[in-house]
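*Asks:* Would you mind keeping the following structure in view while I ask a few things?
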Amino acid sequence: MIPSERFHTIRGRRFLIKVEDSSDAADYLKYEAVRNEVWDFPEDTLSGPRNMMCENFLHEGSSLFIAAYAEDEAGGLAEDLAHMAGFSYGFVGIRDKSLGYRSPDNLWFYSQYTGVRPGSEGSGLGILIKEFQRDVLLEAFGIGRIVCTYDPLTAVNAHRNIRHFRMEVLEYRVATYGEYGGRLNRVDVPTDRLFMSWDLKQDAARRAEEAADVPASASKVIAVEERSVAARSGRLSFETAGGLRLEPAGEFALVRIPRDFYLMLDETAVDDPAVRRIPVDWRMITRQAFKELFGRGYRVVDFRTGDDPEAGRFYVLRKAAG
């Protein structure tokens, strides 16, 4: 049976996650409103509501809209903008352009947006939306692969994509979206992204085994120092990226990223160029690390965070045998 909606209770609050089936164009306005609230970048828009309605796979197109609604304090749960807590949007695409749509196995689903509204962040709602998206695609679309991009410096997304869902990194893309500002990006920080593939039928436990035995001696390829700076809200301590240490590199290599890149982007947006450059330095040094390691035959097998927030967040890369 094709799933159309699912209820969850998170911290005593009910959430409804459902496939958008409306044939009223006005109902799609809420997706653009929430997209802009999450990313806060009006220049980057979804299609107009009429086009979004037509795109819906339940109408004329191949797009899947999923909405998540949250119960209010009075216990009400309505399918409107006031109750919308998050959403996802994506569409069917093709892997091999020369083969086109002639083979079902050549189809994949590009997940362009998954966003959780401020106020519902940190609740696990994003994972529940992605799990529902997976189930709809398997049952309704018959598609077994999702592709997406995300900023490799964002630990929350790395944990979800690499650690939780065991997605595979297909490639490192440089400055994918050009200048991109707003709440989660900054126009002076290049929009590098990892291009990911999620095999919806894979054995996640088998993928996890690849990184089960990372030795304590694994190479930490980026030198990191803590630095106290005059940030937007006062003096704060941030990790700063130092030199790159790719030699010697054994079977495993660890690529560190900041504890909270979103906070770093916001707090270092000051006039002092040395402070403002901190996230740019992270971008450039991790870009070099990923590209060089990928070129040597390493691939990402895990993402790890220590119990101590100060211990750092690391991508685990392993070199292919032979």
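*Asks:* Which ones in region 290-301 are touching a Phe, Trp or Tyr at 6+ places or on another chain (Cβ under 9 Å) and crowded, with 21+ Cβ neighbours inside 10 Å?
*Replies:* PHE290, TYR298, VAL300, VAL301
*Asks:* Separate question: Here is a check on your reading of the model: is LEU200 over 30 Å from ILE94 (Cβ atoms) and among the hydrophobic types (A, V, I, L, M, F, W, C)?
*Replies:* Answer is no for this residue.
*Asks:* Go through region 141-188 and give me each residue that's in a helix (DSSP H, G or I) and in contact with a strand residue (DSSP E or B) (Cβ under 8 Å, 6 or more places away or on another chain).
*Replies:* PHE141, ALA155, ASN157, ALA158, HIS159, ASN161, ILE162, ARG163
Residue-wise test of (1) at pLDDT 95 or above; (2) surrounded by 14 or more Cβ atoms within 10 Å (Cβ to Cβ); (3) under 23 Å from the mean Cα position of the chain (by Cα).
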site: ILE94; (1), (2), (3): yes, yes, yes
site: LEU99; (1), (2), (3): yes, no, no
site: ASN106; (1), (2), (3): yes, yes, no
site: THR114; (1), (2), (3): yes, yes, yes
site: ARG117; (1), (2), (3): yes, yes, yes
site: SER120; (1), (2), (3): no, yes, yes
site: LEU128; (1), (2), (3): yes, yes, yes
site: GLN133; (1), (2), (3): yes, yes, yes
site: LEU137; (1), (2), (3): yes, yes, yes
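*Asks:* Would you pick out the residues in region 22-48 that are closer than 16 Å to GLU60 by Cβ and in contact with a helix residue (DSSP H, G or I) (Cβ under 6 Å, 6 or more places away or on another chain)?
*Replies:* Those that are closer than 16 Å to GLU60 by Cβ and in contact with a helix residue (DSSP H, G or I) (Cβ under 6 Å, 6 or more places away or on another chain): ALA25, TYR28.
*Asks:* To continue, here is another question. Here are some conditions: (1) exposed (fewer than 15 other Cβ atoms within 10 Å of the Cβ); (2) farther than 21 Å from ALA158 by Cβ; (3) not hydrophobic (A, V, I, L, M, F, W, C). ARG277 meets all but one. Which one does it not meet?
*Replies:* With respect to (1) exposed (fewer than 15 other Cβ atoms within 10 Å of the Cβ); (2) farther than 21 Å from ALA158 by Cβ; (3) not hydrophobic (A, V, I, L, M, F, W, C), ARG277 is out only on (1).
*Asks:* May I ask you to list pairs of residues, at least six apart or on different chains, whose Cβ atoms are under 7 Å apart, with the first in region 18-29 being outside the structural domain of CYS54 (by TED's automatic domain parsing) and the second being β-branched (Val, Ile, Thr) and assigned to a helix (DSSP H, G or I)?
*Replies:* Close Cβ pairs (under 7 Å, with a partner that is β-branched (Val, Ile, Thr) and assigned to a helix (DSSP H, G or I)) do not exist here.
*Asks:* Which members of region 162-182 meet the condition of being in contact with a Leu (Cβ under 9 Å, 6 or more places away or on another chain) and either basic (Lys, Arg) or modelled with pLDDT under 95 (or both)?
*Replies:* Hit for region 162-182 is ARG173, nothing else.
*Asks:* Could we say that SER219 is modelled with pLDDT under 95 and over 25 Å from the mean Cα position of the chain (by Cα) here?
*Replies:* Considered against the rule, which asks whether it is modelled with pLDDT under 95 and over 25 Å from the mean Cα position of the chain (by Cα), SER219 comes out as yes.
*Asks:* Something else now. What number of residues within region 239-282 satisfy the criterion of being polar (S, T, N, Q) and touching a residue at least 40 places away in the same chain (Cβ under 8 Å)?
*Replies:* 1
*Asks:* Specify which of the listed residues (ARG232, ARG193, ARG227) is in contact with a Ser or Thr (Cβ under 7 Å, 6 or more places away or on another chain), at pLDDT 95 or above, loosely packed, with under 14 Cβ neighbours inside 10 Å and basic (Lys, Arg).
*Replies:* Just one listed residue meets the conditions, ARG227.
*Asks:* Moving to a separate point now. Condition first: aliphatic (A, V, I, L, M), buried (at least 18 other Cβ atoms within 10 Å of the Cβ) and over 30 Å from VAL187 (Cα atoms). Now tell me which residues in region 1-59 satisfy that.
*Replies:* Residues satisfying the conditions are LEU16, ILE17, VAL19, MET53.
The values are calculated or read from the model by the stated rules, or taken from the named source; none is laboratory data. Please read these numbers as outputs of a predicted model, since none were measured by experiment. Heads up, the Cβs are rebuilt from the backbone with ideal geometry, glycines too, and the neighbour counts pull from every protein chain shown.
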